[in-house]
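Data first, discussion second: the structure below is written as structure tokens.
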Amino acid sequence: MKRSSTRTRFTAGALSGVAIVSVALLLTACGTSQGGGTAAPSEAQAELGEMEGSVSLLAWPGYVEDGSNDPTVDWVSAFEDKTGCTVTSKTYGTSDEAFSLMKTGDYDVVAASGDASLRLVAARDVAPVNTDLIPNYAGIFDFLKMQSWNSVDGVSYGIPHGYGANLLMYNTEVVTPAPTSWNVVFDKSSEYKGAVTAYDSPISIADAAVYLMAHQPDLGIKNPYALDETQLAASVELFKNQRINVGEYWSDYLKEVQAFETGDTVVGTTWQVIRNSLAEGTPAEVVLPEEGATGWSDTWMIAAGAKSPNCAYAWLDYIASPEANAQATEYFGEAPSNAGACEFTVNPDHCASYHAGDADYAAQIWYWSTPIAQCLDGRTDVQCTDYSDWTTAWQEIKG
């Protein structure tokens with residue numbers, strides 16, 4: 001997702017890893033076989049060596065703050081003082097941009113969302129991660145570890161950072177009674193014609209798939225990121241029917257904040273941080289609908305050809321620490337991944353607001369995972385659609 005500072009469902013049917021053979025399939029299916037240069041190591045780094053003195057990070061805005069944007073917001077300086085690794089960083093605006101930038105070989109570490117992480121693995125742009133070399137990994141919530149977006153065939157490819165749900169926000173004066181279903185943006189969206197909004201990304205197709213899982217079970221959707229051609233077509237059709245009622249697609253969360261404050265938008269997909277950012281008195285609330293929701297769990301990953309692998313490991317350990325994880329996720333507006341982080345947030349209600357560590361709440365979320373040809377739901381009798389198919393479909397939806 002994404003969000004800019006100008007921002008799995010855990011059931012028996014959800015896989016915790018993807019078979020190695022799927023990587024080969026993804027190389028072709030997602031068009032990621034070219035570029036990248038250095039092939040990813042087949043094994044993770046066995047031990048740490050001397051720090052190289054610098055590390056280059058690629059991340060979402062708000063993930064690497066050194067006080068230059070706000071003198072009071074700085075968790076980078078403490079890392080530099082502790083390790084001797086000077087940090088340079090670049091921000092990106094979309095997962096597709098991050099994927100492209102990683103092919104330059106200029107970055108040691110990337111913070112990737114689930115709609116990019118598996119593509120990076122498949123393109124051999126990132127390396128396996130030895131979590132034994134990261135002491136703070138022990139404090140990460142278990143339900144975020146070794147999932148389909150951060151591991152392959154039981155091998156870890158990164159460290160969870162923060163996570164959240166793609167919620168439904170609605171104007172309490174216009175959308176009544178208070179909605180409990182995504183039907184207000186799909187089957188009933190005509191009631192709010194011109195004032196519906198949706199997140200502008202191909203991965204949003206999974207939102208429709210989550211809705212169809214509950215309302216058209218005959219389609220047989222078991223995982224919203226594992227759609228065969230028929231299932232993808234049904235999801236796309238739902239979005240096409242919605243299109244006439246959409247006032248604006250958004251990717252910059254400040255635009256959605258403004259749209260809800262002015263009343264130009266009255267219902268649509270959102271994040272908790274957007275609700276928390278609305279001007280006082282704005283008649284809007286959020287809900288996790290009864291069908292469940294998609295969401296994100298971002299992962300810190302190490303480049304396959306990292307020039308500073310030891311400083312990279314040091315960063316992964318540091319940013320996963322309770323103190324740094326608390327600072328970064330509270331500033332950005334998401335739930336921390338480290339169970340101890342809640343003791344260090346400035347706002348004592350931050351973790352409660354974002355449902356941090358609530359496994360039951362997390363069980364209602366299908367975290368972004370890159371769609372690939374080998375079905376993530378375990379089916380072997382059919383080929384699933386991949387991210388390139390979703391990208392083409394999203395362009396058709398928007399017209």
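Out of the residues in the stretch 66-83 that are open to solvent by less than 40 Å² (accessible area, probe 1.4 Å) and in a loop (DSSP other than H, G, I, E, B), state the one that is farthest from Asp108 (Cα to Cα).
Ranking the qualifying residues of the stretch 66-83, first place goes to Val73.
Yes or no, residue by residue, for (1) at positive phi; (2) of a type outside the set (D, E, K, R); (3) part of a loop (DSSP other than H, G, I, E, B); (4) at pLDDT 95 or above:
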site	(1), (2), (3), (4)
Tyr170	no, yes, no, yes
Glu173	no, no, yes, yes
Leu212	no, yes, no, yes
Tyr225	no, yes, yes, yes
Ala234	no, yes, no, yes
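With the structure loaded, tell me whether Tyr313 is touching a Gly at 6+ places or on another chain (Cβ under 8 Å) and assigned to a helix (DSSP H, G or I) or whether it fails that test.
no
From the list Glu330, Glu323, which one is open to solvent by 20 Å² or more (accessible area, probe 1.4 Å) and either within 23 Å of Leu120 (Cα to Cα) or out of contact with any His (no Cβ under 7 Å at 6 or more places or on another chain) (or both)?
When all the criteria are applied, what remains is Glu323.
Among the residues of the stretch 84-91, are any open to solvent by less than 70 Å² (accessible area, probe 1.4 Å), hydrophobic (A, V, I, L, M, F, W, C) and not assigned by TED's automatic domain parsing to the domain that holds Ala206?
Yes - at least one qualifying residue is present in the stretch 84-91.
Exactly one condition in (1) under 27 Å from Ala356 (Cα atoms); (2) surrounded by fewer than 22 Cβ atoms within 10 Å (Cβ to Cβ); (3) at pLDDT 95 or above is false for Val129; which is it?
Single failed check for Val129: (2).
Would you check if Asp106 is in contact with a Lys or Arg (Cβ under 9 Å, 6 or more places away or on another chain), buried (at least 24 other Cβ atoms within 10 Å of the Cβ), over 30 Å from Glu291 (Cβ atoms) and among the acidic types (Asp, Glu)?
No.
Can you pull out every residue in the stretch 328-342 that is closer than 16 Å to Ile140 by Cβ and outside any loop (DSSP other than H, G, I, E, B)?
Correct list: Ala328, Thr329, Ala335, Pro336, Asn338, Ala341, Cys342.
Among the numbered criteria (1) surrounded by fewer than 21 Cβ atoms within 10 Å (Cβ to Cβ); (2) assigned to a loop (DSSP other than H, G, I, E, B); (3) of a type outside the set (Lys, Arg), which single criterion is violated by Gln258?
That leaves (2) as the condition not met.
Taking only the stretch 103-119 into account, find how many residues are under 17 Å from the mean Cα position of the chain (by Cα) and at pLDDT 95 or above.
So the answer is 4.
Kindly indicate the residue of the stretch 293-320 that is among the hydroxyl-bearing types (Ser, Thr, Tyr) and under 16 Å from Lys82 (Cβ atoms) and also most open to solvent (accessible area, probe 1.4 Å) among those meeting that condition.
Tyr318
Condition check ((1) within 16 Å of the chain's Cα centre (by Cα); (2) more than 30 Å from Pro128 (Cα to Cα)) across all residues:
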{"position": "Gln231", "(1), (2)": "no, yes"}
{"position": "Glu256", "(1), (2)": "no, yes"}
{"position": "Gly268", "(1), (2)": "no, yes"}
{"position": "Ile274", "(1), (2)": "yes, yes"}
{"position": "Pro283", "(1), (2)": "no, yes"}
{"position": "Thr294", "(1), (2)": "yes, no"}
{"position": "Ala304", "(1), (2)": "no, no"}
{"position": "Tyr331", "(1), (2)": "no, no"}
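Quick one: Glu290 ticks every box in (1) of a type outside the set (S, T, N, Q); (2) in a helix (DSSP H, G or I); (3) open to solvent by 30 Å² or more (accessible area, probe 1.4 Å); (4) over 18 Å from Gly162 (Cα atoms) except a single one, so which number is it?
Status for Glu290: all satisfied but (2).
What are the pairs with Cβ atoms under 6 angstrom where one residue, in the stretch 232-246, is assigned by TED's automatic domain parsing to the domain that holds Ile221 and the other, located anywhere, is of a type in the set (D, E, K, R)? Sequence gap at least six, or different chains.
Note: pairs meeting the criteria are Asn245/Lys193.
So which residues in the stretch 209-242 are under 14 Å from Phe186 (Cα atoms) and open to solvent by 30 Å² or more (accessible area, probe 1.4 Å), if there are any at all?
Met213, Ala214, His215, Gln216, Glu237, Lys240, Asn241
Of all residues in the stretch 344-399, count the ones that are over 27 Å from Ser251 (Cα atoms), of a type in the set (A, V, I, L, M, F, W, C) and either touching a Phe, Trp or Tyr at 6+ places or on another chain (Cβ under 6 Å) or assigned by TED's automatic domain parsing to the domain that holds Asp142 (or both).
Qualifying residue count, the stretch 344-399: 3.
The values are calculated or read from the model by the stated rules, or taken from the named source; none is laboratory data. This is a predicted model, so every value here is computed, not measured. In this analysis, Cβ positions are derived from the backbone assuming ideal geometry, glycine residues included, and neighbour counts consider all displayed protein chains. Just so you know, the surface numbers come from the protein's heavy atoms only, side chains and all, with ligands and any DNA or RNA stripped out. Shrake-Rupley method; radii C 1.70, N 1.55, O 1.52, S 1.80 Å.
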